[in-house]
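Everything on this sheet refers to the single structure shown next.
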Amino acid sequence: MRVTRRELMRQVAGSAVFAAMPRLLRGEGVSPSAVDNGTITGAGSLKAHAAARGLLAGCAVNARLFREDEGFRKLLAEQYSIVVPENCLKWNILRPTAETYSFTDADSLVEFAETHGMKVRGHNFVWHEAIPSWFAGTVNKENAQKFLVDHIRTVGGRYKGKIHSWDVVNEAIWIKDGRADGLRSSSPWFELLGPGYIDLAFRTAREADPKALLTYNEYGIEYDNDEEGKKRGATLALLRRMKADNVPLDALGIQSHIKATSKDGFGKGLTELREGAKALGLQVFVTEMDVNDDAVGTDDVAERDRIVAGVYRDYLTKILEGPEVKAVLTWGATDKNSWLNTRNIRKVHPERLQRPLPFDADYAPASAFFAMRECFDKAKKRAAEDGGSLGGRNTGLLH
Ligand code: XIL
């Protein structure tokens with residue numbers, strides 16, 4: 001007879017075996033639902049809970065960790081249905097020189113994803129950051145268009161048919177630059193090509209990979225405050241303008257780098273964003289979620305995790321109200337390599353490692369993991385024809 005996990009727990013509780021079991025196996029520090037489900041993998045994984053609602057669960061993948069750590073690769077395969085390279089598709093990594101491309105890391109992640117039946121997001125074609133050092137001395141107003149188009153054709157073409165969605169343009173709004181349309185005029189791409197670089201990038205991306213969902217990805221548009229409200233408004237205005245001009249555009253990516261402590265809340269603005277995107281026929285993805293806990297006063301790890309998980313819960317509950325939201329990705333999976341643990345980001349507690357992600361530095365699920373699963377469970381099921389795990393434009397074509 002198959003002994004259920006609960007029965008096994010009852011039998012071994014109190015025994016020496018029990019005392020020797022790791023905390024997680026004993027069900028300590030784990031929400032009751034996790035114990036009932038018996039496991040955090042398989043049917044208990046993030047991807048399984050997400051898929052039950054027509055959602056994708058994903059994370060950004062650090063190339064070095066992916067290359068060097070088998071445990072990390074195992075975690076990815078067990079937990080996620082979509083991955084996005086954290087850095088290796090950015091210009092500064094992909095383009096060591098003006099003439100060359102370095103595809104090794106991206107190729108191996110795409111291959112891994114194929115092997116494990118996962119989807120891949122492409123991040124990104126155009127960004128004002130991660131510009132290679134050779135760029136300024138080589139790219140000028142005369143040749144910039146050719147550089148941009150060649151790059152998108154080459155990279156988009158290489159992974160054609162294998163990408164769920166491309167972040168075609170990243171972070172093009174910057175209110176402080178003072179333009180009426182909110183565009184970031186200080187971006188090298190804007191300086192070289194003017195505002196037309198955005199449409200050019202999307203049109204070229206559609207030609208290069210007609211099946212990929214073309215996404216505009218932005219941050220600082222999540223909270224209910226004046227500053228983010230302005231950026232949100234400019235973002236929606238940009239999307240509306242693109243649609244009116246028949247620019248190929250399929251999705252809005254809301255980065256969702258949020259804070260464990262903030263005087264502002266979210267809700268109204270998120271609804272406005274989702275609804276605005278939906279009215280334009282766009283899908284919405286949470287593309288880079290993490291919860292920065294640098295400013296949390298207490299050093300108590302359990303308390304910090306409780307606070308972080310609470311923010312995950314509030315945020316995801318709110319955003320998943322909209323069936324147009326099809327995917328939730330965190331920026332990294334484990335605290336071991338979160339970008340929030342780079343020194344210059346830890347300002348209030350520079351000596352303390354942040355705990356912003358669903359898995360801690362030892363790959364044990366943190367409270368945020370359980371909060372994510374709960375939010376997936378609570379979400380309404382996305383209709384298959386809406387996309388979700390079947391992927392919108394990609395239905396039937398990927399994996
Ligand atoms: C970050 C990476 O995580 C870092 O490793 C890198 O040094 C800088 O970029 N918004 C984005 C991501 O769109 O590409 C950024 O990733 C985080 C903020």
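A short reminder: the numbers here are calculations on the coordinates, not readings from a lab. Everything numeric in this text was worked out from a predicted model, so none of it was measured. Neighbour counts are summed over all protein chains in view; Cβ atoms, including those assigned to glycine, are modelled from backbone coordinates with ideal geometry.
Which angle between 0 and 90 degrees, to the nearest 10, do you get for helix 367-378 versus the longest principal axis of the chain when only C-alpha atoms count?
Once rounded, one gets 80 degrees.
So what J values fall out for region 173-186 if you push phi through Karplus, 6.51 cos²θ - 1.76 cosθ + 1.60 with θ = phi - 60°, rounded to Hz, Gly and Pro as x?
Rounded to whole hertz, the list is 9, 8, 4, 4, 6, x, 7, 4, 8, x, 5, 7, 6, 7.
Taking the mean number of other Cβ atoms within 10 Å as a proxy for protection, how do you rank 128-136, 235-243, 286-294, 371-379 from highest to lowest?
Numbers: 128-136: 14.2, 235-243: 18.4, 286-294: 25.0, 371-379: 20.4.
Answer by packing, highest mean first, reads 286-294, 371-379, 235-243, 128-136.
Quick check for me: using +1 on Lys/Arg Cβ and -1 on Asp/Glu Cβ, what's the dipole size of the chain about its Cα centre, in debye to the nearest 20? Let's see the in-between values first.
Numbers: 56 positive and 54 negative charges, 154 e Å.
So the dipole magnitude of the chain works out to roughly 740 debye.
Taking every pair of alpha-carbon atoms in region 79-207, what share in percent sits in each 10 Å bin, from 0 to the bin with the longest distance?
12, 43, 32, 12, 1
Treating the angle as unsigned and between 0 and 90°, give the value, to the nearest 10°, between the Cα long axis of helix 226-244 and the longest Cα principal axis of the chain.
The helix 226-244 is inclined about 60 degrees to the chain.
Let me know the charge dipole size of region 229-275 about its Cα centre in debye, to the nearest 20, where only the beta-carbon of Lys, Arg (+1) and Asp, Glu (-1) is charged.
220
With +1 on each Lys and Arg Cβ and -1 on each Asp and Glu Cβ, how big is the dipole of region 132-179 about its Cα centre, in debye rounded to the nearest 20? If you can, show how the numbers build up before the last one.
Working: 8 positive and 5 negative charges, 37 e Å.
Once rounded to the nearest 20, the dipole reads 180 debye.
Can you give the percent of C-alpha pairs in region 215-276 whose distance is more than 19 Å? Mind dumping the intermediate values first?
Values: 535 of 1891 pairs.
Summing the P(r) of region 215-276 above 19 Å gives 28 percent of all pairs.
Could you tell me the distance between the Cα centroids of region 226-263 and region 35-84, to the nearest Å?
So the two Cα centres are separated by 27 Å.
If you take every DSSP beta bridge whose two residues both sit in the chain, what share of them, in percent to the nearest 5, is antiparallel? Present the calculation step by step, with values, prior to reporting the outcome.
On the way: 2 of 38 bridges.
Antiparallel bridges make up about 5 percent of those DSSP assigns within the chain.
Taking the highest mean first, how do the peptides 210-216, 178-184 order by number of other beta carbon atoms within 10 angstrom per residue? The partial results should precede the final answer.
Numbers: 210-216: 23.6, 178-184: 14.6.
Result, highest mean Cβ count within 10 Å first: 210-216, 178-184.
Between residue 253 and residues 5 or more places away or on another chain, which pairs have amide H atoms under 5 Å apart, with H built 1.01 Å from N, and which residues are they?
216, 217, 218, 285
Would you calculate, for the chain, the mean residue ellipticity at 222 nm contributed by helices, counting each DSSP H stretch of 4 or more residues as -39,500 (n - 2.57) and dividing by all residues, to the nearest 500?
Numbers: 17 runs with 160 residues, N = 399.
It comes out at -11500 deg cm²/dmol, rounded to the nearest 500.
Evaluate the distance, in nm, between pseudo-label points positioned 7 Å from the Cα of residue 143 and of residue 175 along their respective Cα→Cβ axes.
Between residue 143 and residue 175, the simple spin-label model gives 3.9 nm.
What distance in nm separates the simple spin-label points at residue 226 and residue 268, each placed 7 Å from Cα in the Cβ direction?
1.4
Residue 158 to residue 278: extension gain in nm, 0.36 nm per residue of separation minus the Cα-Cα distance?
Numbers: separation 120, 0.36 × 120 = 43.20 nm, distance 3.04 nm.
Going from the current span to full extension adds 40.2 nm.
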